[in-house]
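Please read the structure below before turning to the comments.
Computed from the coordinates by the stated procedures, all read-outs in this text should not be read as laboratory data. What you are looking at is a predicted structure, and each value in this text was computed from that prediction instead of being measured. Note: ideal-geometry Cβ built from the backbone for every residue, glycine included; neighbour counts use all protein chains shown.
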Amino acid sequence: MLMIIDYGIGNLGSIKNMIQHVGADAYITNEPSQLKNATGIILPGVGSFGRGMDLLHKGNWIDALNSRTLQGGVPTLGICLGMQLMARQSEESTGIEGLGWLEADVVRFQCGKEDRLRVPHMGWNTVKPRPHSALIENDGVEKRFYFVHSYHVICDYETDIAGTTSYGQTFVSSVQHGNIFGIQPHPEKSHRFGMNVFKKFLGMTAKSC
């Protein structure tokens, strides 16, 4: 069973609807113990890094997520803030530790007036997948996704970067490390390209059964 984590923030209904649209199903759970039945996990999120980690701690999600994702090897997908929470820390919330699944940190966009770019980065933009990307096909077709964020991930290792986007600078918009996957834009709002991300992830969860 593919499970969407309900820890208090995230576009849960939109994600579930998109998954149903591609012919599958997902279960929204607010109970950490239910993750023992998960063949795939989606960690959504909107809002601040500190708020997200606070809710994960208060909901007793940390141990359950670590058990299934790190020890159990269950494919886990972080979306937007959910991807950022997989890092060690964020400039947005100094002194608060992330999940630490990735050797990565989260920083704010440094767009000056000369860039004529606004923060947050909001709207449609392209993701350029790396050759090893498992979520986004590297077939030469331009992939457009919907973004809303002021912070972005910086990875220690190039091998963890699965896709990049340009907004005044080139930044990481997709990550993967073993069974851990992340995408900065919102695939649930990104029409056919978002649908394909969920199809790819569903294929991974089927292999983990």
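Here the contact order of the chain, divided by its residue count and restricted to Cα pairs under 8 Å and six or more residues apart, works out to 20 percent. Database remark: amide H of I41 closer than 5 angstrom to the amide H of M3, T76, L77 (H placed geometrically; neighbours at sequence offset of 5 or more, or on other chains; Pro and chain starts carry no H).
Projected label points at E137 and M195, each 7 Å from Cα along the beta carbon direction, are separated by 1.3 nanometres. Take the cross-link list K36/K128; K143/K189; K58/K128 and give me the ones stretching past 25 Å between alpha-carbons. Cα-Cα > 25 Å for K36/K128; K58/K128; rest within.
Entry for the stretch 50-96 at q = 0.25, 0.26, 0.30 Å⁻¹: log10 I(q)/I(0) = -1.04, -1.10, -1.24, Debye formula applied to identical alpha-carbon scatterers, no solvent contribution. Backbone N atoms of the stretch 146-180 closer than 20 Å to the 7 Å Cα→Cβ label point of D54 belong to residues 150-151. Between V46 and V107, the C-beta separation translates, for a Förster distance of 22 Å, into a calculated FRET efficiency of about 0.75. Each residue of the stretch 79-96 is assigned a 3J(HN,Hα), and the resulting list reads 10, 6, 4, x, 5, 5, 5, 6, 7, 7, 6, 9, 4, 5, 9, 4, x, 9 Hz, derived from the Karplus form 6.51 cos²θ - 1.76 cosθ + 1.60 (θ = phi - 60°), x at Gly and Pro. Note on R116 and I96: the extension gain reaches 4.1 nm, defined as 0.36 nm multiplied by sequence separation minus the Cα-Cα distance.
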